[in-house]
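Accompanying notes for the structure given below.
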Amino acid sequence: MQTAGERTASSRTPGWQATAGADQATKVLVVDDHALVAEGTCQVLEAFDGIEVVGRAGTAAEALEAVELLHPDVAIVDINLPGTSGLELARELAERASPVAVLIVTAYDDYAYVAEAIDIGVGGYLLKTASSRELVDAVRAVSTGIFVLDRAVSTRVARGNGRREVADGPHTLTARETAVLRLLATGLANKAIASELGLSVRTVEGHVSGVLSKLGVGSRTEATLYALENHLADMPRSHRAANW
């Protein structure tokens, strides 16, 4: 791990100190094992006001150490890291008492990766083909709790990669089923949904089954993805979705 100001510093001695205005800036940690990519990402971010790159890491272990030392608001994480993957790192960060918003920035647009990332509760999923402005906008969005999904990823998933064709469609959902979908998409279990809507757990289970059947999907994760693509519900952890 290297700090933005000391690219050659040891990962054990980051030497990072708060700078003027740091409290107002969005603090970013870049996690990518490709030095040129990481350096380029840092340069892009540092060119914009309101964003401070506080460090760089090339492995999950270095990233965890950097989070402890630097307290970033957002961690930009590549999936393909040596040893522990970026998704496993995201899971560890999500389970922290003070979780860091994770923005996955990767070359992979596979449905399985996207579904796992959403299950984990990442702040966003962006492809490395994104423009500098899209990257900066995504960092700012996830730092405020807005869930971001790359438009190309959303389009590919919508075309059926890893998911069956929709049997009916959103227009066939009843008002109650739509309410259940909204809560399901935030990650709530059936018991919590029942409590929110004043229904029995058995009734909620019936509505969830109806939603999955009408949308032609086989899991709660797929229902969440469908809701994201069609703007039917708030996203995981009540985040709003923004397609770039």
**Report entry** segment 106-115 - phi-based ³J(HN,Hα) in whole Hz, Karplus 6.51/-1.76/1.60, Gly and Pro as x
**Finding:** 8, 8, 8, 10, 5, 4, 4, 5, 4, 4
Query - Calculated from backbone phi, Karplus (6.51, -1.76, 1.60) coupling profile of segment 195-211 in Hz, x at Gly/Pro - result: 5, 5, 9, x, 10, 7, 4, 4, 5, 5, 4, x, 5, 4, 4, x, 4
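Give me 177, 95, 88 sorted ascending by neighbouring Cβ count inside 10 Å, so fewest comes first.
Numbers: 177 19, 95 10, 88 15.
Neighbour counts put them in this order, fewest first: 95, 88, 177.
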Query raised in the report: Under 5 Å between amide H atoms, partner at least 5 residues away or on a different chain: which partners does residue 51 have, H built in plane at 1.01 Å?
Result: 26
Query raised in the report: Where a Cα-Cα gap under 23 Å defines reach, which lysines qualify for residue 27, not counting those fewer than 8 residues away within the same chain?
Result: 128
Requested in this report: Compute the distance in nm between two label points, each set 7 Å from the Cα along the Cα-to-Cβ direction, one at residue 219 and one at residue 133.
Outcome: 3.6
Report summary line: When 48, 147 are ranked with the fewest other C-beta atoms within 10 Å first, the list becomes 48, 147
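Just so you know, all these numbers are worked out from the coordinates, no wet-lab data involved. Since this is a predicted model, take the numbers as computed values, not measurements. Note that we place each Cβ from the backbone using ideal geometry, even for glycine, and neighbour counts take in every protein chain shown.
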